[in-house]
Amino acid sequence: HAAITALSKLFKPRDLKPGLRVTVSQENGKEGGFLKQVTLAVDPKHDIVARRDDRGAFSADTVEHKLNKKAVRAGGVIRSSLYLAGRRADLSPTVLADLIRVFSFDVDFQRDVQPNDTFDLMYERHFDDAGVAVAEGEILIAEMVLSGKRIRMYRYRTKNGETDYFDEK
């Protein structure tokens, strides 16, 4: 109960979902084993850890994992839909949703996208220390060629610190 109380300051127990990795550690003492630590792997970048201190009280902290970021390129030809072409190019649904958002002010996806149009993008992918891809990052540059018209968008941070997507102008 004390470990859950400490964890709930940083993570709502009701947000526990199937597949969330939970690690429980115990230590043996004079009177048998007792709970020493509970770790919740909430996402690839963070764990939440409740630890018992020397007085027996639990406190919780967030532990950040250092991930390696690499630029990845993907692209393809749209045969029937951007979604299917993106999945054929091994884009995750998250990156596909971001791609659609990047072009949402410039492209009417129901009218403008035709068979044989193309897309190309470079985006960040995060890897753990073992080299396993664990998360997708931001789209850095994206391009669509729709009926021969090229639209290219760049991720850019303005002078006032806001980040958005802009064309070359």
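Structure values in brief
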{"item": "Selection from region 1-57 of residues that are part of a loop (DSSP other than H, G, I, E, B) and hydroxyl-bearing (Ser, Thr, Tyr)", "result": "8"}
{"item": "Check on residue 90, surrounded by 15 or more Cβ atoms within 10 Å (Cβ to Cβ), acidic (Asp, Glu) and not in a helix (DSSP H, G or I)", "result": "no"}
{"item": "Residue satisfying all of: in region 104-128; under 19 Å from residue 166 (Cβ atoms) and either hydroxyl-bearing (Ser, Thr, Tyr) or modelled with pLDDT of 95 or more (or both); nearest to the chain's Cα centre (by Cα) among these", "result": "124"}
{"item": "Near pairs, Cβ below 7 angstrom, 6+ apart or cross-chain, from region 103-124 (under 27 Å from residue 67 (Cβ atoms)) to any residue that is exposed (fewer than 15 other Cβ atoms within 10 Å of the Cβ) and among the small types (Gly, Ala, Ser)", "result": "122/71; 124/71"}
{"item": "Residue 98 being among the acidic types (Asp, Glu), open to solvent by less than 50 Å² (accessible area, probe 1.4 Å) and over 22 Å from residue 163 (Cα atoms)", "result": "no"}
{"item": "Within region 64-81, considering residues that are of a type in the set (A, V, I, L, M) and open to solvent by 50 Å² or more (accessible area, probe 1.4 Å), the one nearest to the chain's Cα centre (by Cα)", "result": "71"}
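The values are calculated or read from the model by the stated rules, or taken from the named source; none is laboratory data. Everything quoted here is computed from the prediction, not taken from an experiment. We place every Cβ from the backbone using ideal geometry, glycine too, and count neighbours over all the protein chains shown. With ligands, DNA and RNA removed, areas are computed over all heavy atoms of the protein, side chains included. Shrake-Rupley method; radii C 1.70, N 1.55, O 1.52, S 1.80 Å.
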